[in-house]
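**Student:** Below is the structure I would like to discuss, written out as structure tokens.
The values are calculated or read from the model by the stated rules, or taken from the named source; none is laboratory data. Note that the coordinates shown come from a computational prediction; the quantities given were computed from them, not determined experimentally. Methodologically, a virtual Cβ is constructed for each residue, glycine included, from the backbone with ideal geometry; neighbour enumeration extends over all protein chains shown. Quick note on the areas: whole protein, heavy atoms, side chains included, nothing else; ligands and nucleic acids left out. Shrake-Rupley method; radii C 1.70, N 1.55, O 1.52, S 1.80 Å.
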Amino acid sequence: MVSRSYSNLLELASGGCSPTFGLGREKKRLPRVATVAGVLSELDDDSCNSTGSDALSSVSQDRMIIVGNQLPIRAHRDDNGEWEFSMDEDSLLLQLKDGLGEDVEVIYIGCLREEVDPREQDDVAQTLLDRFKCVPTFLPPELFSKFYHGFCKQHLWPLFHYMLPLSPDLGGRFDRSLWQAYLSVNKIFADKVMEVISPDDDFVWVHDYHLMVLPTFLRKRFNRAKLGFFLHSPFPSSEIYRTLPIRDELLRALLNSDLIGFHTFDYARHFLSCCSRMLGLSYQSKRGYIGLEYYGRTVSIKILPVGIHIGQLQNVLNLPETVSKVAELQERFKGQTVLLGVDDMDIFKGISLKLLAFEQLLRQHPERWGKAVLVQIANPARGRGKDVQEVMAETTATVDRINATFRRPGYEPVVLINTPLQFYERNAYYAIAECCLVTAVRDGMNLIPYEYIICRQGNEELDNVLGLKSFNSKEEHARVV
């Protein structure tokens with residue numbers, strides 16, 4: 001008998017286990033179940049009808065399957081048109097591995113940023129699996145657009161950041177076809193997990209709002225699977241969340257996880273409030289443990305704030321490229337005070353507010369003309385809706401107005417960088433900036449201040465380039481303190 005914890009949601013998905021958007025042709029399947037550590041074997045089963053974790057496994061070591069919207073992979077074609085792949089050191093999913101034990105094997109499942117021709121997908125998938133232990137999820141362009149740019153960016157992301165769909169420009173009417181696309185993509189991800197999972201041994205860690213119903217599809221196929229979910233965005237209060245038409249379905253889908261993680265206690269409290277008010281569920285809190293009883297299972301709620309990779313930042317600071325870039329920037333902004341902003345180009349990062357505040361500073365303090373410089377690094381937008389276009393246009397117009405008003409020979413008050421930067425280049429800007437401005441009006445967990453603090457600590461070589469005095473001993477440091 002199918003558990004009621006996921007039956008209602010599954011009824012919403014049309015066509016059984018097949019996604020509503022066809023993939024065009026039957027693809028070669030990767031091995032489905034690991035039976036020996038490091039060896040993958042084929043197991044043909046009807047995954048649509050499997051409701052128990054009866055597959056046997058002899059895997060002796062722990063294995064973590066990390067599932068996210070995007071793989072921690074950089075891909076591009078070389079001069080000969082051949083694909084070249086490398087690990088994306090900036091990816092948070094990749095950095096999660098450092099929090100696991102050395103004996104834990106990690107497999108990543110997600111999409112590539114670049115579109116791959118269907119004729120190349122089998123070869124690309126095998127290459128990524130062999131070299132990087134990554135399983136790519138290839139989505140048809142139409143399906144991906146409805147899933148990511150449609151449902152995720154038009155409905156979930158604004159609502160989770162407290163923006164209600166009050167007008168057609170802000171989400172508008174709820175689109176059921178986008179919801180069906182969201183379900184279809186989550187089912188495709190579930191199929192990919194099924195290709196590599198050993199259900200009695202592996203841990204599955206699902207990330208962010210793109211895959212909120214994935215735990216339901218995995219729980220249906222392997223009832224005893226060990227599932228965790230982590231939300232990287234805020235979770236809104238119940239008054240905001242209840243405006244979402246599929247509010248109950250998403251809550252029930254998340255509750256098919258064994259553990260649900262949030263950045264802060266406020267987000268967890270909002271989630272628990274929604275479960276209480278909309279599903280009638282109560283929770284228990286004892287000695288830091290929060291648990292929900294849901295259809296015979298205890299769902300743990302954890303507060304797991306994301307941090308930064310300090311070792312990686314320090315290693316990048318030691319690179320010759322970083323030292324050279326710092327020297328270049330030091331010469332470029334010689335005699336000036338650099339204020340730095342590093343933000344994604346979206347409506348919640350408050351970039352326009354930061355620019356207006358800097359403009360007011362120059363108006364009220366003419367003595368700062370020619371001395372204060374605001375360097376605004378605008379990371380490429382992840383969405384492509386009308387709101388993103390408006391933010392980009394407003395930012396560019398504001399920068400042009402400020403520069404036209406306060407520009408002097410050899411002095412540009414605002415430097416807007418809206419092209420992708422290498423990791424070492426961004427760290428170089430951190431190192432030379434006297435102040436880092438974070439003006440987000442709503443954010444999940446902003447890591448920019450942490451990165452800035454580590455980079456400002458620098459090292460002996462950077463101190464020499466910047467003309468700073470280094471502490472040569474603990475006694476000298478104690479005297480200064």
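**Student:** Which of the residues belonging to the stretch 417-440 are open to solvent by 20 Å² or more (accessible area, probe 1.4 Å) and in a helix (DSSP H, G or I)?
**Tutor:** Once the filter is applied, which keeps residues that are open to solvent by 20 Å² or more (accessible area, probe 1.4 Å) and in a helix (DSSP H, G or I), the stretch 417-440 yields F423, Y424, E425, R426.
**Student:** Here's another thing I want to ask about it. Of all residues in the stretch 92-118, count the ones that are over 22 Å from I197 (Cβ atoms) and either at pLDDT 85 or above or not charged (D, E, K, R) (or both).
**Tutor:** 8
**Student:** Okay, next question. Any chance the stretch 235-246 includes a residue that's at pLDDT below 95, of a type in the set (S, T, N, Q), open to solvent by 10 Å² or more (accessible area, probe 1.4 Å) and farther than 30 Å from D88 by Cβ?
**Tutor:** The answer is yes, given that some residue of the stretch 235-246 is at pLDDT below 95, of a type in the set (S, T, N, Q), open to solvent by 10 Å² or more (accessible area, probe 1.4 Å) and farther than 30 Å from D88 by Cβ.
**Student:** Of the residues that sit in the stretch 425-463 and are of a type in the set (A, V, I, L, M, F, W, C) and farther than 16 Å from L313 by Cβ, which one is farthest from the chain's Cα centre (by Cα)? Before the answer, list the steps.
**Tutor:** First, the residues of the stretch 425-463 that are of a type in the set (A, V, I, L, M, F, W, C): 428, 431-433, 435-438, 440-441, 445, 447-448, 453-455, 462.
Next cut, farther than 16 Å from L313 by Cβ only: 435, 437-438, 440-441, 445.
Working: C435: 26, L437: 22, V438: 19, A440: 17, V441: 18, M445: 11 Å.
For the stretch 425-463, the residue satisfying everything is C435.
**Student:** Something else about it: Considering only residues of the stretch 61-118 that are open to solvent by less than 20 Å² (accessible area, probe 1.4 Å) and assigned to a loop (DSSP other than H, G, I, E, B), which is nearest to K187 (Cα to Cα)?
**Tutor:** Step by step, filter the stretch 61-118, then rank; the result is L71.
**Student:** Looking only at residues that are over 24 Å from the mean Cα position of the chain (by Cα), surrounded by fewer than 21 Cβ atoms within 10 Å (Cβ to Cβ) and not polar (S, T, N, Q) in the stretch 346-361, which one is nearest to M392 (Cα to Cα)?
**Tutor:** Here the answer is L353.
**Student:** Output the residues belonging to the stretch 398-416 that are open to solvent by less than 60 Å² (accessible area, probe 1.4 Å) and in a helix (DSSP H, G or I).
**Tutor:** Initial filter on the stretch 398-416 (open to solvent by less than 60 Å² (accessible area, probe 1.4 Å)): 398-399, 402-403, 406, 411, 413-416.
The answer is T398, V399, I402, N403, F406.
**Student:** Do we have any residue at all in the stretch 292-307 that's touching a strand residue (DSSP E or B) at 6+ places or on another chain (Cβ under 6 Å), closer than 22 Å to F230 by Cα, modelled with pLDDT under 95 and assigned to a loop (DSSP other than H, G, I, E, B)?
**Tutor:** The answer is yes, given that some residue of the stretch 292-307 is touching a strand residue (DSSP E or B) at 6+ places or on another chain (Cβ under 6 Å), closer than 22 Å to F230 by Cα, modelled with pLDDT under 95 and assigned to a loop (DSSP other than H, G, I, E, B).
**Student:** Return a yes/no flag: does the stretch 154-168 have any residue that is buried (at least 18 other Cβ atoms within 10 Å of the Cβ), of a type outside the set (A, V, I, L, M, F, W, C) and closer than 30 Å to D62 by Cβ. Talk me through it step by step, then tell me what you get.
**Tutor:** Quick first cut of the stretch 154-168, residues buried (at least 18 other Cβ atoms within 10 Å of the Cβ) only: 154-161.
This time we only want the ones that are of a type outside the set (A, V, I, L, M, F, W, C), so: 154-155, 158, 161.
From what's left, closer than 30 Å to D62 by Cβ: none.
No, that holds for no residue.
**Student:** Applying the selection to the stretch 323-362, what residues are acidic (D, E), assigned to a helix (DSSP H, G or I) and closer than 23 Å to Q389 by Cβ?
**Tutor:** Looking only at the stretch 323-362, we keep the residues that are acidic (D, E), and these are 328, 331, 343-344, 346, 359.
Applying the additional criterion that residues be assigned to a helix (DSSP H, G or I) yields 328, 331, 359.
E359, the sole residue that qualifies.
**Student:** Next up: For T322, are the conditions met, namely being polar (S, T, N, Q), open to solvent by less than 30 Å² (accessible area, probe 1.4 Å) and within 34 Å of the chain's Cα centre (by Cα)? Steps first, answer last, please.
**Tutor:** Values: polar (S, T, N, Q): yes; open to solvent by less than 30 Å² (accessible area, probe 1.4 Å): yes; within 34 Å of the chain's Cα centre (by Cα): yes.
Yes: the conditions hold for T322.
**Student:** Would you check if A378 is free of Cβ contacts under 8 Å to residues at least 12 places away in the same chain and either open to solvent by less than 70 Å² (accessible area, probe 1.4 Å) or of a type in the set (S, T, Y) (or both)? Give the steps one after another, and end with the answer.
**Tutor:** Values: free of Cβ contacts under 8 Å to residues at least 12 places away in the same chain: no; either open to solvent by less than 70 Å² (accessible area, probe 1.4 Å) or of a type in the set (S, T, Y) (or both): yes.
No: the conditions fail for A378.
**Student:** Here is a follow-up. Filtering the stretch 291-319 down to residues that are open to solvent by less than 50 Å² (accessible area, probe 1.4 Å) and of a type in the set (A, V, I, L, M), which residue is farthest from L96 (Cα to Cα)?
**Tutor:** L292
**Student:** Let me ask another. Mind checking whether some residue in the stretch 239-249 is of a type in the set (D, E) and within 26 Å of V193 (Cα to Cα)?
**Tutor:** Going residue by residue through the stretch 239-249, those that are of a type in the set (D, E) are 239, 248-249.
Filter once more, so that each one left must be within 26 Å of V193 (Cα to Cα): 248-249.
The answer is yes; a qualifying residue exists.
**Student:** Mind listing whichever residues of the stretch 237-276 are of a type outside the set (V, I, T) and in a strand (DSSP E or B)? Write out each step before concluding.
**Tutor:** Initial filter on the stretch 237-276 (of a type outside the set (V, I, T)): 237-239, 241-242, 244-245, 247-259, 261-263, 265-276.
L259, G261, F262, listed by residue number.
**Student:** Within the stretch 444-466, which residues are open to solvent by less than 80 Å² (accessible area, probe 1.4 Å), more than 20 Å from H309 (Cα to Cα) and in contact (Cβ under 8 Å) with a residue 40 or more places away in the chain? Write out each step before concluding.
**Tutor:** Here is the first cut: in the stretch 444-466, the ones open to solvent by less than 80 Å² (accessible area, probe 1.4 Å) are 444-449, 451-452, 454-455, 458-459, 462-463, 465-466.
With more than 20 Å from H309 (Cα to Cα) added as a condition, the list becomes 463, 465-466.
Within the stretch 444-466, V465, L466 meet the criteria.
**Student:** Would you mention how many residues in the stretch 92-146 are acidic (D, E) and on the phi > 0 side of the Ramachandran plot? Let's see the steps before the verdict.
**Tutor:** Taking the stretch 92-146 as the starting set, the residues that turn out to be acidic (D, E) are 98, 102-103, 105, 114-115, 117, 120, 122-123, 130, 142.
Those left that are additionally on the phi > 0 side of the Ramachandran plot: none.
Selection size over the stretch 92-146: 0.
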